[in-house]
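J.: Below is a structure I'd like to ask you about.
The values are calculated or read from the model by the stated rules, or taken from the named source; none is laboratory data. Because the structure is a prediction, the values reported are computed rather than measured. Methodologically, a virtual Cβ is constructed for each residue, glycine included, from the backbone with ideal geometry; neighbour enumeration extends over all protein chains shown. Calculation scope for accessible area: heavy atoms of the full protein, side chains included, ligands and nucleic acids excluded. Shrake-Rupley method; radii C 1.70, N 1.55, O 1.52, S 1.80 Å.
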Amino acid sequence: MRGAEAFRVALDALRANRLRSLLTMIGVIIGVSAVVLLVAIGSGAKQEVEEQVEGLGANLIFVVPGRFEFGSAPSVSRLELEDIDLLGRVAGNPDAVAVTVSSGEPVTEGGEEAFATVAGTNETVPYVFDRPLARGEYFSEVDVETRRRVAVLGSTVAKTLFGDVDPLGRQVTISGVRFQVIGTFADVGSTFGVDRNAEVHVPVTAAQRLFGVDRIDALAVKAPSTEGIEVLQARLVEALEDKYEGEEFSAVTQTQILGTVGEILNLLTLVLAAIAAISLLVGGVGVSNIMLVSVRERTREIGLRKALGARQRDVLLQFLVEAILLTTVGGVIGIALGVGGSLLIDRFSPLPALIAWWSPVLAFAVSVGVGVFFGVAPARRAGRLDPVVALRTE
Amino acid sequence: MTTTESTSYSARTALPAVEAVEVTRSYRLEGLSVDALRGVSLRIEAAEFVAVIGPSGSGKSTLMNLFGCLDRPTTGTLRVGGADVSALSDAALARLRNETIGFVFQSFQLLGRTSALDNVALPLVYRGVRRQERRRRAQQALAAVGLTHRAGHRPTQLSGGEQQRVAIARALVGEPRLLLADEPTGNLDSHTGAEVMGLFEQLNSERGVAVVVVTHDLDVAERAHRQVHVRDGLLERDQGGPRR
């Protein structure tokens, strides 16, 4: 029997039991669409975080106390403002070093309240982080030195506190202290996890007094180019470890952060896909089960076909093709639902979703594979039936 | 024991359709050995019309399964269309069935969701004949049993007699040397049964197909030219002989 013939026979058999075929397919449909959907969400999250980290500005080196590791508690910082000058000298450009000490604080104005990440920084931030302003200006070196109480608002904060009113020149209250608004940031888009539009920047000196601390949390150094960035990285750490004997410091580049974040999100995607794959497995068992029932129901048909000259492999092929057809059609429907669902989620929910080209291709291959794997046992049983016994079956 | 060993085969140039020498067949049923056939020697010439008669449990069904190459003898030699059945693989037996034998069953054994035409064409599927050619030959076979006008009907839309004629057309389509019919009239009224037997007679005389009909109906058996009686796994009587 040729393949085309087996295909026609299988199609007829599935059509004859439309409802049962559909119910059997649902297991595969759910499994495949779940895999496609969850992989899309995982990939989307990865892409978004990568864009976000890239958006921080090119050639950045972040310097933090202790070890830079995801999941480890941040070390107590002993970094101080003078380290800006130290690292500026190491980098050969005093304007290339930005500093931050931050805390979550309520910001109020005229009965409106916004909860913001208040970051104490220095005047180099717009240059180091490529952070454009929508209106007004960023604070100056003099503002930092004189501990002036001025603030630059993120777009969300400005919107919450002032609505459509121009905030420039107005006052906001941060932890009970009045600050004058001198600028607003351009919208950097709503992002995953941390909303950078909910930031308020104030001079680091003012922030230290406000929070009652004299430490700083971290430094960022903008390298002139990606070339030689590792050398600079090592020299920055060396300079700090010379100054603070017995302390450990880390410097990481944006590329390294991207790598680490990418690994974590790949793992997340893999875990999501594995969970979805379990439902695909269950779907496969369902196919196997129904095929066994089908073989039993059609025992007489198998006996007849054998009497008329069907060989073992003809019968095996017939039932294997039927199982593969079942999972493949289910797989295609599942892919359609998964891709459609991903597009809907991407458009209408806060979660990003990204269909990688390989995910539907892989899902299709897996559907065919599930058909083969779970179809073989019933098909072999059919092929091995003794025609004498099979023809006697009622 | 009466066998056809004594029949002169100088008269025939063609190979015998079936040749059984001391064939036995035993089964194991729940640990017990059951001897369904206990040494049967029988020769059926090409173009013979034979009835196999016997009560249920006599071994006649086992004999038919062996003649039909659905089964192999436990001991003894069985040749169907000249081929030694014991020496053939399962795949080779399937091919032998496909090319040499046409089956007609008591319960018709038609595929319910398939048209009469496609039912008739089924054996050709396993011979690798192309679809168009299959349909052409199936049409001819249906014409031979007088059912051209029913080609597109499904078995459920046909009467019992018509269904059995479709089954006969299916048995014919591959141009077999041997037609095996197991109680072909068992599910039909006597009038329709007689029609079916008439069809067998016609095929036997016009096409030279050897026909073996298993039955317990003596009226049916009378229409064959030779009657082989089976009892307790042995040949009891062998009456008549090849038509001259």
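J.: Roughly how much accessible area, to the nearest 100 Å², goes out of reach of solvent when B and A pair up, both sides summed, probe 1.4 Å?
T.: 2100
J.: Okay, moving on. Report, by chain and number, residues whose modeled amide H sits under 5 Å from the one on residue B:37, excluding near sequence neighbours (fewer than 5 apart, same chain).
T.: Distant-sequence amide H within range of residue B:37: B:25.
J.: Just to be sure I understand the model, the point goes 7 Å from the Cα along the line to the Cβ. What's the resulting residue A:103 to residue A:297 distance in nm?
T.: Result for the modelled spin labels: 7.2 nm.
J.: Nearest 5 is fine: what % of DSSP beta bridges in segment A:76-247 come out antiparallel, could you say?
T.: Counting only bridges with both partners in segment A:76-247, antiparallel ones make up about 75 percent.
J.: So, R0 is 45 Å and r is the distance between the beta-carbons of residue B:99 and residue A:361; what FRET efficiency does that work out to, to 0.05? Intermediate results must be reported in sequence, preceding the final value.
T.: Numbers: r = 44 Å, r/R0 = 0.99.
Using R0 = 45 Å, I get an efficiency of 0.50.
J.: When the helix-only estimate is applied to the protein assembly as shown (DSSP H runs of n ≥ 4, each -39,500 (n - 2.57), divided by the residue count), what is the mean residue ellipticity at 222 nm, nearest 500 deg cm²/dmol?
T.: The per-residue figure over the protein assembly as shown is -15500 deg cm²/dmol.
J.: Right, something else. If I ignore ligands, DNA and RNA and count only protein heavy atoms, how much of residue A:244 is accessible to a 1.4 Å probe, in Å² to the nearest 10?
T.: Counting only protein heavy atoms, residue A:244 exposes about 10 Å² to solvent.
J.: Hey, any idea what the orientation-averaged projected area of the convex hull of chain A's Cα atoms comes to, in nm²?
T.: The number I arrive at for chain A is 26.9 nm².
J.: Here's something else I'd like to know. Need the full-extension length gain, residue A:78 to residue A:215, defined as separation in residues times 0.36 nm minus the C-alpha distance. One decimal, nm. Kindly include the intermediate steps, with their values, before the conclusion.
T.: Numbers: separation 137, 0.36 × 137 = 49.32 nm, distance 0.60 nm.
So the chain would gain 48.7 nm between residue A:78 and residue A:215.
J.: Still on this model: If each of residue A:268 and residue A:166 carries a label point 7 Å out from its Cα toward its Cβ, how far apart are those two points in nm?
T.: 4.1
J.: In Å², what does the accessible area per residue of the protein assembly as shown work out to with a 1.4 Å probe?
T.: 47
J.: Moving to a separate point now. Residue B:28 to residue A:289: FRET efficiency via 1/(1 + (r/R0)^6), r the Cβ-Cβ distance, R0 25 Å, to the nearest 0.05?
T.: Taking R0 as 25 Å, the efficiency between residue B:28 and residue A:289 is 0.20.
J.: How far, in degrees from 0 to 90, does helix A:18-54 lean away from the longest principal axis of the Cα atoms of chain A, to the nearest 10?
T.: The angle comes out at about 20 degrees.
J.: On to the next question. What translational diffusion coefficient, to the nearest whole µm²/s, does segment A:76-247 have by Stokes-Einstein, given a Kirkwood radius computed over alpha-carbon pairs, a temperature of 37 °C and 0.692 mPa s viscosity?
T.: Once the numbers are plugged in, D ends up at 196 µm²/s.
J.: Also: As I understand it, the value is the acute angle between the Cα axis of helix A:82-91 and the longest principal axis of the Cα atoms of chain A; what does it come to in degrees, rounded to 10?
T.: Around 70 degrees separate the two axes.
J.: Moving to a separate point now. Report the GluC sites (Glu not before Pro) located in segment B:13-51 that are in a DSSP loop and have at most 14 other Cβ atoms inside 10 Å of their Cβ, or state none.
T.: Filter output for segment B:13-51: B:30.
J.: Measuring from a point 7 Å past the Cα of residue B:190 along Cα-to-C-beta, which residues in segment B:202-229 have an amide N at less than 17 Å?
T.: Under 17 Å, as judged by backbone N against the label point of residue B:190, lie B:216-224 of segment B:202-229.
J.: Please report the net charge: other residues with Cβ closer than 15 Å to the Cβ of residue B:189, K and R +1, D and E -1. Walk me through the numbers on the way to the answer.
T.: On the way: positive: B:165; negative: B:162, B:183, B:195, B:217, B:219.
Residues close to residue B:189 contribute a combined charge of -4.
J.: Quick one: net charge of residue A:224's neighbours, Cβ under 14 Å, K/R +1, D/E -1?
T.: Values: positive: A:222, A:235; negative: A:95, A:227, A:230.
Around residue A:224, the charge tally is -1.
J.: Against the longest principal axis of chain A, how steep is helix A:3-16, in degrees 0 to 90 to the nearest 10, with axes from Cα atoms?
T.: 90
J.: Can you sort A:85, A:314 by solvent-accessible area, 1.4 Å probe, largest first?
T.: Per-residue accessible area, sorted high to low, gives A:85, A:314.
J.: Could you tell me the calculated FRET efficiency between residue A:186 and residue A:19, based on Cβ-Cβ distance and R0 = 51 angstrom, to the nearest 0.05? Don't skip to the answer; put the middle values down first.
T.: Working: r = 57 Å, r/R0 = 1.13.
So the FRET efficiency works out to roughly 0.35.
J.: Add +1 for every Lys or Arg and -1 for every Asp or Glu among the other residues with Cβ under 12 Å from the Cβ of residue B:111, and state the total.
T.: +3
J.: Separation between the residue A:175 and residue B:219 pseudo-spin-labels, each 7 Å from Cα along Cα→Cβ, expressed in nm?
T.: With each label point 7 Å from Cα toward Cβ, the separation is 11.2 nm.
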